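Following: one structure in structure tokens, then a few remarks.
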Amino acid sequence: MDALLKGLPVHQGLARLFAAVGQDAFWRALVDCLRLLVPLDNALVALMQPGRVPSLLADFEFRAATGEGEDLADYCAGMYLLDPFYQAACAGITDGLHSLESVAPDQFQQSEYYLSYFRSVVGSGELQFLLNHQDAVLGLSLGRQASFSHEEFGRLLCVRDWVLAAMRRHLQLCAIEVPATQPVASDFSAMLEGLGARLSERESETAQLILQGFSSKAIAQRMGISPETVKVHRRNLYHKLGVSGHAELFALLLQTPRPSL
């Protein structure tokens, strides 16, 4: 009996969740229920599709005012191109609960994208419930400043099946479809060209992988070239863009007009 009473808030949260399936209040009810299991600073629901700007369905901020509206505008304007979960969704990922560590590049936490943007917007820890839907992936992002412990991940893993089932049923009842009119995703090479540089295809690809947080060794493996060739591409693109490192490269991208990034 004591165990049941201790879990009473969760049971009550589940009742509110079930009542909200197919309703506008569903996402908030789901997030509130999950917050009873692990502390969260923010949550975001996004429909991610290759070649399209992510469609944001809901967002919640549980910290003091942080200017998240501007942060999300930056995300939709181009920051999503460097998001590990967006990249994983476009590459193909199975339904389930996924951690940032499982999808992020090997040096993601040393990247300027993480240090200057991701860490302040999402936090140091992020988990996502991912569900394939039509030709897109629906992601429920759970973020906070502190990393999630193995025990906390385990708690959410225990409820994974009913969370995904609830998300799937909500989509069915709401008849949510991938918006055909969603803006076409920015082309990374075009963004770099907008900076006035004429980079080769290999240099553009190297630039994107650097910004995403891949090490030279990881870039070499992905591109099928040697680490020495990666260094050549890195040196050439830095020279053409007039920057001395990836921090200046990231800052340069932030200066591009919002429609492009």
query: Among the residues of the range 116-136, how many are assigned to a strand (DSSP E or B) and either modelled with pLDDT under 95 or among the aromatic types (F, W, Y) (or both)?
result: 4
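Among the residues of the range 92-102, is any over 18 Å from Q208 (Cβ atoms), β-branched (V, I, T) and at pLDDT 95 or above?
Yes: one or more hits.
Evaluate the range 106-113: report whether one residue or more is within 29 Å of S216 (Cα to Cα), of a type in the set (S, T, Y) and crowded, with 19+ Cβ neighbours inside 10 Å.
Quick first cut of the range 106-113, residues within 29 Å of S216 (Cα to Cα) only: 106-113.
So of that shortlist, the ones also of a type in the set (S, T, Y) come out as 111, 113.
Going one step further and asking which of them are crowded, with 19+ Cβ neighbours inside 10 Å, we end up with 111, 113.
Looking through the range 106-113, at least one residue is within 29 Å of S216 (Cα to Cα), of a type in the set (S, T, Y) and crowded, with 19+ Cβ neighbours inside 10 Å.
Per-residue answers, yes or no, for (1) within 24 Å of N132 (Cβ to Cβ); (2) at pLDDT below 95; (3) assigned to a helix (DSSP H, G or I):
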{"position": "Q12", "(1), (2), (3)": "no, yes, yes"}
{"position": "A15", "(1), (2), (3)": "no, yes, yes"}
{"position": "R28", "(1), (2), (3)": "yes, no, yes"}
{"position": "A43", "(1), (2), (3)": "yes, no, no"}
{"position": "R63", "(1), (2), (3)": "no, yes, no"}
{"position": "E70", "(1), (2), (3)": "no, yes, yes"}
{"position": "A73", "(1), (2), (3)": "no, yes, yes"}
message: Between a residue in the range 147-166 that is within 10 Å of L97 (Cβ to Cβ) and any residue that is crowded, with 18+ Cβ neighbours inside 10 Å and modelled with pLDDT under 95, which pairs come within a Cβ distance under 7 Å, given they are 6 or more apart or on different chains?
response: none
field: G139, sole failed condition from (1) at pLDDT below 95; (2) of a type in the set (G, A, S); (3) not in a helix (DSSP H, G or I)
entry: (1)
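The values are calculated or read from the model by the stated rules, or taken from the named source; none is laboratory data. Fair warning: this is a prediction, and the values are worked out from it, not measured in the lab. When we count neighbours, we look across all protein chains shown, and the Cβ atoms used for this are built from the backbone with ideal geometry, even at glycine.
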